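Down below is the structure, laid out as structure tokens.
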Amino acid sequence: MLVSEPVNLPLSDRKQGSWKETWHSIRADYSRLSDWAADRESLYSNPLFSLSFLSVFLYRISRYLYTRRLTLPARLIWQTNLFLTGADLNPISSTGPGLVIIHPPSVTLVGSAGRNLTIEGLGGLGGGMDLRDIGAGPGLPLLGDDVYLQRGAMVLGPVVIGNRVTVAAGCTVTRDIQPDHQVLPHKIRIRSGNLDR
């Protein structure tokens with residue numbers, strides 16, 4: 001399925017990640033996280049000292065080093081991020097400004113996304129069994145702007161997710177999704193009796 005609206009690639013795919021662009025992204029990430037925390041009367045009054053911001057900050061630094069072909073320092077910061085926050089944010093991933101990861105532990109980010117990606121936790125995006133390259137790397141997903149992944153939501157394989165898509169909690173996406181859509185789970189069915197049947 002083709003997405004009718006073009007998916008905007010992050011600036012880092014076009015300009016190989018200048019420090020100015022990286023700093024702009026960090027400021028946009030902090031601003032979005034601050035807005036999110038203020039709207040919800042969050043427990044942490046200053047998001048600067050939260051694991052949410054730390055995970056994204058370390059990812060941005062790792063990504064910057066990776067685009068400068070400083071792969072060993074990029075890998076060290078990536079692994080430090082994984083150790084400190086529990087978030088596996090691979091520096092080969094490319095995201096636009098405004099990235100927010102609400103609960104970093106068990107979040108995986110391998111692919112490309114546009115502006116204002118929000119990941120609640122226990123999910124993320126990554127490769128699948130198909131190695132087609134749709135613009136994010138072999139087998140990796142490509143997400144548009146303003147995509148929201150609720151808790152436990154995953155996007156796997158070479159799929160295109162349009163702009164302003166919400167993937168509901170616990171859903172796994174393995175097909176292209178048009179812009180301005182929601183992915184919702186199936187209705188839960190409860191059966192009585194033995195599961196061996």
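Values quoted throughout were computed directly from the atomic coordinates according to the rules given, and no laboratory measurement underlies them. In this text, all values refer to a predicted model and were calculated from it rather than measured experimentally. As a convention, Cβ positions derive from the backbone with ideal geometry for all residues, glycine included, and neighbour counts pool all protein chains shown.
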Computed, not fitted: 222 nm per-residue ellipticity of the chain from DSSP H runs ≥ 4 (each -39500 (n - 2.57)), nearest 500, equal to -9500 deg cm²/dmol
Round to the nearest 10 and give me the degree value, 0 to 90, for the angle of helix 19-39's Cα axis relative to the longest principal axis of the chain.
-> 50
Calculated from the structure, P(r) over Cα pairs in 10 Å bins from 0, in percent equals which of (1) 10, 36, 35, 13, 4, 1, 0; (2) 8, 32, 31, 18, 9, 2, 0; (3) 7, 18, 23, 23, 20, 8, 1?
-> (1)
In degrees, nearest 10, the alpha-carbon axis of helix 51-67 is tilted away from the dominant principal axis of the alpha carbons of the chain by 60
In nm, the gap between the two label points placed 7 Å beyond Cα toward Cβ at ALA168 and ARG189 is 1.7
Starting from the Cα gyration tensor of the stretch 14-95, take the square roots of the eigenvalues, sort them a ≥ b ≥ c, and report rounded, prolate or oblate (rounded when a/c is under 1.5, otherwise prolate if a/b is larger than b/c, else oblate).
-> oblate
Modelled FRET efficiency - R0 30 Å, ARG68 with GLN182, Cβ distances, 0.05 increments = 0.20
